[in-house]
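Undergrad: Got a structure for you, written out below as structure tokens; questions coming shortly.
The values are calculated or read from the model by the stated rules, or taken from the named source; none is laboratory data. As the structure is a computational prediction, the values presented were derived from the model and not from experiment. Cβ: placed from backbone, ideal geometry, glycine included. Neighbour counts: every protein chain shown.
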Ligand SMILES: Cc1cc2nc3c(=O)[nH]c(=O)nc-3n(C[C@H](O)[C@H](O)[C@H](O)COP(=O)(O)O)c2cc1C
């Protein structure tokens, strides 16, 4: 079994939920990223300007793990500061990287301005094309079909035991089985 650690940043809980699910499935270590400044608007501004905000030091020694699973959200199409600064700082200590995001845009919107595909491209540019796997488990997977146009509802919805069922659970279990447990 590969030695694995899950590292996550979560503002409102969905990516924390996902990170904990992965860590429970693999029985592996988990650690939150703690940004030096945790103010959304500042984090987005700094990212736009290409400036680092920086995070507190990660307590685990990442080089000791075969793979690092990074979980975190997308804001305004950005590969957000806490995640960006984490990769920039530790990329040389990460043997294999998985980036998993619970974001607001659906698979259908993945190539749009705010979609997850741009973020996947950006993270690959920083980390490199080898030994990386990116995956999205978007919030719309837990929204009923007839409410998928309700952007307020999508922004307010968080992953919980109550809604982590059906397609999202199936995709999560397939991902864990095919990518992480093989
Ligand atoms: C300010 C803000 C901007 C957002 N912009 C995007 C976006 O551009 N693309 C997207 O897919 N989701 C976007 N979202 C939705 C979040 O990615 C989504 O709610 C995510 O699940 C939140 O994760 P968390 O609960 O772990 O913080 C945005 C959310 C916020 C608060």
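Undergrad: Search region 44-60 for residues being outside any loop (DSSP other than H, G, I, E, B) and touching a residue at least 24 places away in the same chain (Cβ under 8 Å), and hand back the single one that is nearest to the ligand (Cβ to nearest atom).
TA: 44
Undergrad: Pairs under 9 Å by beta carbon, first residue under 17 Å from residue 43 (Cα atoms) and near the ligand (Cβ under 7 Å from one of its atoms) in region 1-18, partner assigned to a loop (DSSP other than H, G, I, E, B) and at pLDDT below 95, six or more apart or different chains?
TA: 11/38
Undergrad: Moving on. Taking region 127-150, which residues are in contact (Cβ under 8 Å) with a residue 40 or more places away in the chain and within 10 Å of the ligand (Cβ to nearest atom)?
TA: Scanning region 127-150 gives 137, 139.
Undergrad: Can you name the residue in region 99-126 that is free of Cβ contacts under 8 Å to residues at least 12 places away in the same chain and closer than 26 Å to residue 177 by Cβ and, of all such residues, is farthest from the ligand (Cβ to nearest atom)?
TA: This residue is 124.
Undergrad: So which residues in region 22-37 are more than 20 Å from residue 55 (Cα to Cα) and surrounded by fewer than 21 Cβ atoms within 10 Å (Cβ to Cβ)?
TA: 23, 24, 25, 26, 27, 28 - these are the residues of region 22-37 that are more than 20 Å from residue 55 (Cα to Cα) and surrounded by fewer than 21 Cβ atoms within 10 Å (Cβ to Cβ).
Undergrad: Could you check region 66-98 and list, in sequence order, the residues that are part of a strand (DSSP E or B), under 15 Å from residue 132 (Cα atoms) and without any contact (Cβ under 8 Å) to a residue 40 or more places away in the chain?
TA: Once the filter is applied, which keeps residues that are part of a strand (DSSP E or B), under 15 Å from residue 132 (Cα atoms) and without any contact (Cβ under 8 Å) to a residue 40 or more places away in the chain, region 66-98 yields only 97.
Undergrad: Within region 99-112, how many residues turn out to be farther than 13 Å from residue 75 by Cβ and assigned to a loop (DSSP other than H, G, I, E, B)?
TA: The total comes to 4.
Undergrad: Hey, another quick one. Could you say which residue among 63, 41 is modelled with pLDDT of 95 or more, within 11 Å of the ligand (Cβ to nearest atom) and in a helix (DSSP H, G or I)?
TA: Of the residues listed, the single one that is modelled with pLDDT of 95 or more, within 11 Å of the ligand (Cβ to nearest atom) and in a helix (DSSP H, G or I) is 41.
Undergrad: Tell me whether region 154-172 contains one or more residues that are in a helix (DSSP H, G or I), away from the ligand (no atom under 11 Å from the Cβ) and within 14 Å of the chain's Cα centre (by Cα).
TA: yes
Undergrad: Might you check whether a residue that is in contact with a strand residue (DSSP E or B) (Cβ under 6 Å, 6 or more places away or on another chain) and either part of a loop (DSSP other than H, G, I, E, B) or loosely packed, with under 14 Cβ neighbours inside 10 Å (or both) occurs anywhere in region 2-20?
TA: Within region 2-20, one or more residues are in contact with a strand residue (DSSP E or B) (Cβ under 6 Å, 6 or more places away or on another chain) and either part of a loop (DSSP other than H, G, I, E, B) or loosely packed, with under 14 Cβ neighbours inside 10 Å (or both).
Undergrad: A further question on this structure: So, of the residues in region 21-37 that are within 13 Å of residue 72 (Cβ to Cβ) and part of a loop (DSSP other than H, G, I, E, B), which turns out to be farthest from the ligand (Cβ to nearest atom)?
TA: Filtering region 21-37 for residues that are within 13 Å of residue 72 (Cβ to Cβ) and part of a loop (DSSP other than H, G, I, E, B), the one farthest from the ligand (Cβ to nearest atom) comes out as 34.
Undergrad: Looking only at region 124-153, which residues are assigned to a helix (DSSP H, G or I), under 20 Å from residue 96 (Cα atoms) and either modelled with pLDDT under 95 or out of contact with any helix residue (DSSP H, G or I) (no Cβ under 8 Å at 6 or more places or on another chain) (or both)?
TA: Passing the criteria: 124, 125.
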